[in-house]
Every structure is written in C-alpha cells, then in structure tokens.
Amino acid sequence: MENRTLGIIGGTGWLGRAIAEAALDSGFIGPDRLLISNRSGVSTFEPGVRLLADNQQLVDLSDIVVLSIRPEQFRELLINARGKVVISLMAGVPAAAISAATGADVIVRAMPNAAVEIRQSFTPWYSVGKLVEHDRQWVQRLFECVGSADEVPEEDCIDYLSALSGTGPAFPAMLQMALTNQAVAAGIPLVIAQRAAQGVVVGGGQMLASRDPRQMIESLMAYRGVTAAALQSMADQNIESIVGRAVQAGAEIARKGM
Ligand SMILES: NC(=O)c1ccc[n+]([C@@H]2O[C@H](COP(=O)([O-])OP(=O)(O)OC[C@H]3O[C@@H](n4cnc5c(N)ncnc54)[C@H](OP(=O)(O)O)[C@@H]3O)[C@@H](O)[C@H]2O)c1
C-alpha cells in the first residue's frame, strides 16, 4: 500500500474511474489516500474516497495529480500544481502546454485505452522534467493496476501510440464489422455471420495472447490451403500499408493538438 496521496481531476469519468477502482481493488492505494474531483458532485465511490468540488484543493492535498478530463475541458482548468507530479491522460495535449497551464515542472503523459475497464490496457507513458526513481516506479505500478505499461523514450511516441494502442477496441471492432458485413453480402445469415466474425476477433485474439503472430501466420501459410489464400490476398493488397496510413492519420491529429 502506498503512502502517497493521489488526486484525480475527472476521476468519475470513464478512464479516471476505472484507474481509481483498479488502484483501490489491487491495494495499490487506500481510500484515504485517494481524492477525486468533478464538476457535477456525483460520485459512486466507496465511502472514504473524498470527492472535492475544488480542483485547487485537490492539487494542494495531493502528491500526484492525474488529469483525466477531456482536452477541451482542460482549456478551462485553472490550477497551480507547482511542485507536484502531474500525470496527463489527455490525447493531443503536449507536456509543454500542461506545464505552462499548471506550473508543474514534472509532467507525465500517459495513454491508456478503453481496456482499462477489463484491466487489460497497454499504457505507454513519457515523462518530462525530473521524475525521481521512486516516482518513476510509482507511475509504472499505477498503470500496471489496469494492465501493462512501458515508459517510452520520446514524447512523439505518445502521439503515435495514441492512434495505435490508445484506440483500444477500435481496430478489432472495425475488422469484426467488415468480416460480418462481407459474410452477409456473401449470403451468410446475419446471426451466423456475427458469431463467426466474433469468433475470429475475440477467440483468435485470445490465442494471440500467448503466441507470436509472425509464427502463427507462417505456420498457417505453410498449409497452402484456404487460410493461406485469404492471407495472401490481404498481403497482395498491402494490408500493412492500409493499417500504417490509418495509424498515421490518427497520430497526425494527436500531434497537431486538440
Ligand atoms: N476513453 C478512452 O478510451 C481514452 C483513451 C485514452 C485517453 N483518453 C483521454 O482520457 C481523458 C478522459 O477521457 P474519458 O473518456 O474518461 O472522459 P469522460 O468520461 O468524459 O470523463 C471526464 C471527467 O472529467 C470531469 N470533468 C470535466 N471537467 C472537469 C473540471 N473542470 N474539473 C473536474 N472534473 C471535470 C467530468 O465530470 P463532471 O462532468 O461531473 O465534471 C468527467 O467525470 C481524455 O482527455 C481522453 O483524451 C481516453
């Protein structure tokens, strides 16, 4: 159990709440060490977790402050976080802008995804300023409460990865929908098409949790059968380039700022 106080501005939102609950459930932080703020005053956290209406009060009482609000809400936020470690979960808001607006000189930009909900997010994070070793380990452990995490070497990695891992279920959902729609177009009844496509994305995805995708593709290609023909067709149409352009399109938005 950590003896630092964590304050989460926007801690009742989707992301902030999931991280707070995971940190509590895993025993990483006690309820008396967690502060939450929002504008509505509505919270369903267990008793002991303080909900504050005043963001500055939260900052003053916290050692580490998480910004889990939307970028457009950040523009309205008025806090002085000088001397605090500020962790931003916001996409497309550079560390320099966060530092200028909050006065904090140690900023962590982290990019979890919607899988925080099932505690299987991958969270890349990057720090600016003097993050002492103990705080570095603390940040890593906080994000391990909701899955896995890695510190990345450059801030641009966060903007790129916002459009990759930050998108969470978006890419698999798009694939699942395409497989379903194409099966229906080929005459497969809708319910069967949906179940078949879900089996590919969800069942296949679970297998990849413990297998190397390259080896998987090579062994399937070696059969020279049905699956190999389908995979070869995707390779011939340069699926990697389609995926690469999609991620770049998202990353450009993150780099431009929101
Ligand atoms: N969702 C994702 O998959 C995902 C992935 C990666 C990164 N992110 C980033 O995470 C951030 C939060 O996203 P989210 O999906 O959790 O948003 P969300 O569900 O809308 O949560 C935002 C929270 O902030 C609170 N809030 C807004 N303005 C506030 C203020 N001035 N002071 C205190 N609290 C305030 C809101 O509560 P009240 O209305 O009660 O104030 C709400 O609880 C965003 O910046 C997003 O870019 C999200």
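Screening S26 on (1) more than 18 Å from V146 (Cα to Cα); (2) away from the ligand (no atom under 15 Å from the Cβ) shows it passes everything except condition (1).
Among the residues of the stretch 148-184, those identified as out of contact with any strand residue (DSSP E or B) (no Cβ under 7 Å at 6 or more places or on another chain), of a type in the set (A, V, I, L, M) and either away from the ligand (no atom under 13 Å from the Cβ) or on the phi > 0 side of the Ramachandran plot (or both) are M174, L175, M177, A178, L179, A183, V184. Checking the stretch 110-133 against the condition returns a match, with at least one residue being within 16 Å of the ligand (Cβ to nearest atom) and without any contact (Cβ under 8 Å) to a residue 12 or more places away in the chain.
Within the stretch 30-54, the set of residues being away from the ligand (no atom under 11 Å from the Cβ) and part of a loop (DSSP other than H, G, I, E, B) comprises G30, T44, F45, E46, P47, G48, V49.
Beta carbons closer than 6 Å, at least 6 apart along the sequence or on distinct chains, pair a first residue in the stretch 158-180 that is under 12 Å from V202 (Cα atoms) with a second that is small (G, A, S) and surrounded by 20 or more Cβ atoms within 10 Å (Cβ to Cβ) for Q176/A197.
Looking across the stretch 60-83 at every residue that is touching a residue at least 12 places away in the same chain (Cβ under 8 Å) and part of a helix (DSSP H, G or I), the one that is farthest from the ligand (Cβ to nearest atom) is identified as L61. Cβ-Cβ contacts under 7 Å between residues 6 or more apart (or on different chains), taken from a first residue in the stretch 184-204 that is in contact (Cβ under 8 Å) with a residue 12 or more places away in the chain to a second residue that is of a type in the set (S, T, N, Q), are listed as A193/T180; Q194/T180; A197/Q176; A197/T180; Q198/Q176; V201/Q176.
If you go through the stretch 84-109 and keep only what is away from the ligand (no atom under 11 Å from the Cβ), surrounded by fewer than 21 Cβ atoms within 10 Å (Cβ to Cβ) and within 21 Å of the chain's Cα centre (by Cα), you end up with P94, A95, A96, A97, V106. Go through the stretch 72-83 and give me each residue that's under 20 Å from A20 (Cβ atoms) and surrounded by fewer than 19 Cβ atoms within 10 Å (Cβ to Cβ). Within the stretch 72-83, Q73, L77 meet the criteria.
The condition (being under 30 Å from K256 (Cβ atoms) and either at pLDDT 95 or above or surrounded by 12 or more Cβ atoms within 10 Å (Cβ to Cβ) (or both)) is satisfied by just one residue among V152, V184, V201: V152. Flag not set for Q57, criterion: more than 18 Å from the chain's Cα centre (by Cα), within 9 Å of the ligand (Cβ to nearest atom) and either under 24 Å from R255 (Cα atoms) or in a helix (DSSP H, G or I) (or both).
The set of residues in the stretch 165-181 being farther than 19 Å from A246 by Cα and surrounded by 15 or more Cβ atoms within 10 Å (Cβ to Cβ) consists of T180 alone.
The values are calculated or read from the model by the stated rules, or taken from the named source; none is laboratory data. Keep in mind that what you see is a predicted model, and the values were worked out from it rather than measured. Here the Cβ is made from the backbone with ideal geometry for all residues, glycine too, and neighbour counts use every protein chain on show.
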